[in-house]
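Below is one structure; the comments refer to it alone.
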């Protein structure tokens, strides 16, 4: 990944953390880590420190919680992101591993979890709070810790964060269902029709032979039709190193900053703001993002990127006009990589929120 920018973020993270005092921390937050998990390795903090508490297993396939629970976690994430493609593939998978259709229906229609067993109930409630409310209450966290145990809870939240990132990519590029598939998720919007017939998304079909052509571990069972889904999206990008050379770290820092703002994540915002200033992002632009102000007078690329992020994270869809503007401003390859950067940051924001990072 772009090492210079990552180093800046890390340095800013340390500086921001040093201003915290134990007296301001909630009762369930550890003074050493300033989140709900105790510190394991000195000097490591934030998302990196949280991930140290993971069990190390392949969470989706090998978690002690079982496939029904891990698929339920993914469905909950897809529901909270209004992501029909992700939902439909994992509804099929959930049914195949024996998840009760009644439980799936509770998630689909956001019904109360009253009467459910403890594990599925707490998975649903945790996902709804982290993604829907962008905060996990102390009471829900305590129940999740009691029901699932620390390692399993960390694992399942990492799984949810990973699929939140995938949902972000799918939403940005308007990935819709193949023509023969039934729409199984009620949406609060009508998906735009600016898609290609073969990929059912905003990106044209790109076939890649050999290594790198498979959909990857999130969809490793082959349920995703060829030419669709996150695997197809990934083919159009070139990675963070080339993105840094193309758009520069200043605009990359803005993408991270917008993501932090749209997730109302104070720790993420503070570290991202410090990095953005270090990269030379104008203070006036930072203030526009912080205050959710109009984009009048903001340069075209900055304004386009801010508007794209606002629509993507607030509405879970991007309008055809904003997408076309973004495509013109950045080109397809760089836009794919900018979305990938924002998606990863969205997953990180979910973990910081769940474990109440200060």
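The values are calculated or read from the model by the stated rules, or taken from the named source; none is laboratory data. Because the structure is a prediction, the values reported are computed rather than measured. Cβ: placed from backbone, ideal geometry, glycine included. Neighbour counts: every protein chain shown.
Here are some conditions: (1) within 30 Å of residue 224 (Cβ to Cβ); (2) under 23 Å from the mean Cα position of the chain (by Cα). Residue 103 meets all but one. Which one does it not meet?
The one condition residue 103 does not meet is (2).
Here is a yes/no grid of residues against (1) crowded, with 18+ Cβ neighbours inside 10 Å; (2) touching a strand residue (DSSP E or B) at 6+ places or on another chain (Cβ under 6 Å); (3) in contact (Cβ under 8 Å) with a residue 12 or more places away in the chain; (4) within 15 Å of residue 203 (Cα to Cα):
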residue: 271; (1), (2), (3), (4): yes, no, yes, no
residue: 276; (1), (2), (3), (4): yes, no, yes, no
residue: 287; (1), (2), (3), (4): no, no, no, no
residue: 300; (1), (2), (3), (4): no, no, yes, no
residue: 304; (1), (2), (3), (4): yes, no, yes, no
residue: 309; (1), (2), (3), (4): yes, no, yes, no
residue: 339; (1), (2), (3), (4): yes, no, yes, yes
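Out of the residues in the range 30-50 that are assigned to a helix (DSSP H, G or I) and in contact (Cβ under 8 Å) with a residue 12 or more places away in the chain, state the one that is surrounded by the fewest Cβ atoms within 10 Å (Cβ to Cβ).
Here is the first cut: in the range 30-50, the residues assigned to a helix (DSSP H, G or I) are 46-50.
Those still in the list that are in contact (Cβ under 8 Å) with a residue 12 or more places away in the chain too: 46-47, 49-50.
Values: 46: 24, 47: 24, 49: 22, 50: 25.
The extreme case among them is 49.
Conditions tested, residue by residue: (1) surrounded by 13 or more Cβ atoms within 10 Å (Cβ to Cβ); (2) over 20 Å from residue 348 (Cα atoms); (3) in contact with a strand residue (DSSP E or B) (Cβ under 6 Å, 6 or more places away or on another chain).
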{"residue": "108", "(1), (2), (3)": "yes, yes, no"}
{"residue": "115", "(1), (2), (3)": "no, yes, no"}
{"residue": "122", "(1), (2), (3)": "yes, yes, no"}
{"residue": "131", "(1), (2), (3)": "yes, no, no"}
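Is it fair to say residue 60 is closer than 30 Å to residue 201 by Cβ, modelled with pLDDT of 95 or more and in contact with a helix residue (DSSP H, G or I) (Cβ under 9 Å, 6 or more places away or on another chain)?
Details: closer than 30 Å to residue 201 by Cβ: yes; modelled with pLDDT of 95 or more: no; in contact with a helix residue (DSSP H, G or I) (Cβ under 9 Å, 6 or more places away or on another chain): yes.
When the stated conditions are applied, residue 60 does not pass them.
Got a number for residues in the range 285-322 being touching a helix residue (DSSP H, G or I) at 6+ places or on another chain (Cβ under 9 Å) and assigned to a helix (DSSP H, G or I)? Outline the logic, then answer.
As a first pass, look at the range 285-322 and keep what is touching a helix residue (DSSP H, G or I) at 6+ places or on another chain (Cβ under 9 Å): 285-286, 288-290, 292-319, 322.
After this cut, where a residue has to be assigned to a helix (DSSP H, G or I) as well, the list is 285-286, 288-290, 300-315, 322.
Residues flagged as touching a helix residue (DSSP H, G or I) at 6+ places or on another chain (Cβ under 9 Å) and assigned to a helix (DSSP H, G or I) within the range 285-322 amount to 22.
Looking only at the range 51-94, count how many residues are without any contact (Cβ under 8 Å) to a residue 24 or more places away in the chain and surrounded by 20 or more Cβ atoms within 10 Å (Cβ to Cβ).
Matching residues across the range 51-94 total 1.
Residue by residue through the range 95-134, note down the ones that are farther than 19 Å from residue 65 by Cβ, in a loop (DSSP other than H, G, I, E, B) and without any contact (Cβ under 8 Å) to a residue 24 or more places away in the chain.
Once the filter is applied, which keeps residues that are farther than 19 Å from residue 65 by Cβ, in a loop (DSSP other than H, G, I, E, B) and without any contact (Cβ under 8 Å) to a residue 24 or more places away in the chain, the range 95-134 yields 111, 112, 114, 115.
For residues that are within 28 Å of residue 292 (Cβ to Cβ) and crowded, with 18+ Cβ neighbours inside 10 Å, scanning just the range 234-249, find the one that is nearest to the chain's Cα centre (by Cα).
240
Could you count how many residues in the range 143-186 are in a helix (DSSP H, G or I) and either surrounded by fewer than 20 Cβ atoms within 10 Å (Cβ to Cβ) or in contact (Cβ under 8 Å) with a residue 60 or more places away in the chain (or both)? Steps first, please.
Applying the first criterion (in a helix (DSSP H, G or I)) to the range 143-186 yields 143-148, 150-172.
Applying the additional criterion that residues be either surrounded by fewer than 20 Cβ atoms within 10 Å (Cβ to Cβ) or in contact (Cβ under 8 Å) with a residue 60 or more places away in the chain (or both) yields 143, 145-148, 150-152, 154-172.
Within the range 143-186, residues that are in a helix (DSSP H, G or I) and either surrounded by fewer than 20 Cβ atoms within 10 Å (Cβ to Cβ) or in contact (Cβ under 8 Å) with a residue 60 or more places away in the chain (or both) number 27.
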